[in-house]
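These notes are about the structure you will find just below.
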Amino acid sequence: MQISRLIPLIALVTAVTVGVPPVMAQDLAAGKSAAEAGDFAKALENWQPLAEQGHTAAQYNLGMMHARGDGVEKDLTKAAEWFRRAAEQGHVESQARLGAMSVRGIGVEEDPEAAIKWLKLAAEQHHTESQFDLGVMYANGNGVPRNHGTAYFWFTIAGLQDFRPAREAQMRIRRLMPGAQIGQVEQRVRDWLEQNTDMRFERQGESSPLQFE
């Protein structure tokens with residue numbers, strides 16, 4: 001069974017300024033306002049120093065700019081590098097983007113094993129699309145041995161957040177599994193939910209609007 005989906009390069013994110021020094025937070029917000037007004041030169045002026053200092057949201061935003069060619073020459077290699085710098089510090093959206101890019105060889109070498117690494121990190125932080133894409137990787141045996149049980153697990157977790165493609169994939173792969181295995185995976189899902197009580201259960205569509213942090 002082949003399940004495929006190209007997840008959007010940039011997803012909806014929320015600005016995170018808790019614990020960020022006031023000046024940094026102001027520069028981050030000023031860059032966002034400039035970008036939303038179409039003044040990408042001003043946005044770059046605000047975000048570049050923050051990104052160089054290791055601010056993950058600024059690094060992610062620079063990745064977005066290079067990925068889309070907003071105010072800079074479109075350069076997916078540079079985009080991937082900024083995503084990587086943020087991802088290595090635990091930035092979930094960057095982990096998700098880098099994982100997706102690694103699957104398809106966009107801006108980086110095609111590397112299914114690296115994709116699994118980044119998608120799993122994002123999935124474990126409750127990133128719904130990464131949960132689904134991780135399920136796809138296991139369903140297809142891409143970067144990992146094919147494992148219907150693990151695919152079913154991640155499709156179920158994403159489906160519980162009303163992610164429609166995951167629910168469809170869940171039902172398709174369920175038909176390939178014996179009843180005993182389904183029961184074991186569903187118990188694993190219950191255990192995971194007990195340990196992840198902060199997971200958001202809200203309706204999500206197939207993609208999200210483009211937005212800076």
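Annotations for the structure displayed:
- Ordering Ser33, Ser102, Ser94 by the number of other Cβ atoms within 10 Å of each residue's own Cβ, fewest first, gives Ser33, Ser102, Ser94.
- Sites Asn142 and Arg174 - FRET efficiency at Förster radius 25 Å, r taken between beta-carbons, to 0.05: 0.80
- Segment 49-102 and segment 127-143: distance between their alpha carbon centers, rounded to Å: 22 Å
- Segment Gln26-Val72, extension gain: residue separation times 0.36 nm, minus the distance between their alpha carbons: 14.3 nm
- Rounded to the nearest 0.05, the FRET efficiency derived from the C-beta distance between Glu186 and Ala37 at R0 = 41 Å is 0.25.
- Table column - 3J(HN,Hα) (Hz), segment 51-66, Karplus curve with 6.51, -1.76, 1.60, x for Gly and Pro: 5, 5, 7, x, 6, 5, 5, 5, 4, 4, 5, 5, x, 4, 4, 6
- Cα-based values for segment 22-195, radius of gyration first and Dmax second, are 18.6, 58 Å.
Coordinate-derived values only; no laboratory data. Small disclaimer: the values here were computed from a predicted structure and weren't measured. A quick note on method: Cβ atoms are made from the backbone with ideal geometry, for glycine too, and the neighbour counts reach across all protein chains shown.
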